[in-house]
Amino acid sequence: MRVAVIHHRCRDDVALDSVALAESIGSACAHGAAVVVCPRIPVLAGMPPHERKHLLQTVQECAGGTALLMPFTHADNSEHRIAVTPLGLTSLAAGDVCLNPDTARMAREAGVHAVVWRPGAESELQAEAIIEYVLRCAPALAGLVVLAECTGSSAHLGQSGTSAIVLFGELVAESAGAEDEILYAEVEGAWEASEQDLALPELPPLLAQRLAVHEGRRASVEYPWDLS
């Protein structure tokens, strides 16, 4: 089964971002994707319900019979859920929730087959730290781990991300580019690959600092310089 992950360049305009997303979905379907994973695009996540419904109808028409994994969050970034998707039992999370160690623990305890996270890196350094963290987590979480991110927003934080597909603990596709891109991977049998006896890694200090800042507290670090 071919999985496609859309790496989206933000236009900060509902109409332009909608068109670009629909075009990327159409292209992924034309290239044989059975499942398309979309990032959380800020201007679209905050759309009024009637506009959101119209957008979903538009992209579903572009997708034909292809399954779409669209973000489930709206204006907030506070949700984590475990749901059955075409990838099997899947951990779905966005924003800071992806970086909360409890999220990885819950996904592991649930025995998920796949992980689809949209953390929203706020800088290139955060994006690098997220990739490193996910690569260390992946063998203990699921055979398939996906990061779907955006880049290029001038109006929103969380748009310096790196999109990636991690299969059997190996990085098989990645984009940190400044333009639209679609990542592909063939994932047959990926959901049998998690190693439940492996320990989950600690969150890197840079990401722990991000959580602390967003939660209004100060993170303790083991080295003398301040990350704020």
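The values are calculated or read from the model by the stated rules, or taken from the named source; none is laboratory data. As the structure is a prediction and not an experimental result, all values here were calculated from the model. Positions of Cβ are generated from backbone atoms using ideal geometry, with glycine treated the same way; all protein chains shown enter the neighbour counts.
Here are some notes:
- Residue in segment 174-182 that is part of a strand (DSSP E or B), modelled with pLDDT of 95 or more and in contact with a Leu (Cβ under 9 Å, 6 or more places away or on another chain) present: yes
- Odd one out for SER91 among (1) among the hydroxyl-bearing types (Ser, Thr, Tyr); (2) within 20 Å of PRO204 (Cα to Cα); (3) in contact (Cβ under 8 Å) with a residue 24 or more places away in the chain: (2)
- Among residues of segment 193-214 being under 21 Å from the mean Cα position of the chain (by Cα) and farther than 15 Å from GLN126 by Cβ, the one that is modelled with the lowest pLDDT is ALA193.
- Only one of ALA4, ALA28 that is touching a strand residue (DSSP E or B) at 6+ places or on another chain (Cβ under 6 Å), assigned to a helix (DSSP H, G or I) and small (Gly, Ala, Ser): ALA28
- Candidates in segment 71-86 are the residues that are in a loop (DSSP other than H, G, I, E, B) and in contact with a helix residue (DSSP H, G or I) (Cβ under 7 Å, 6 or more places away or on another chain); of these, the one that is modelled with the highest pLDDT is PRO71.
- Residue pairs whose Cβ atoms lie under 6 Å apart, sitting 6 or more positions apart in sequence or on different chains, and linking a residue in segment 1-25 that is β-branched (Val, Ile, Thr) to a partner that is crowded, with 16+ Cβ neighbours inside 10 Å and at pLDDT below 95, are VAL3/VAL187; VAL14/VAL43; ILE25/VAL59; ILE25/CYS62; ILE25/ALA63.
- The residues of segment 42-69 that are part of a loop (DSSP other than H, G, I, E, B), under 24 Å from ALA185 (Cα atoms) and modelled with pLDDT under 90, listed by number, are GLY64, GLY65.
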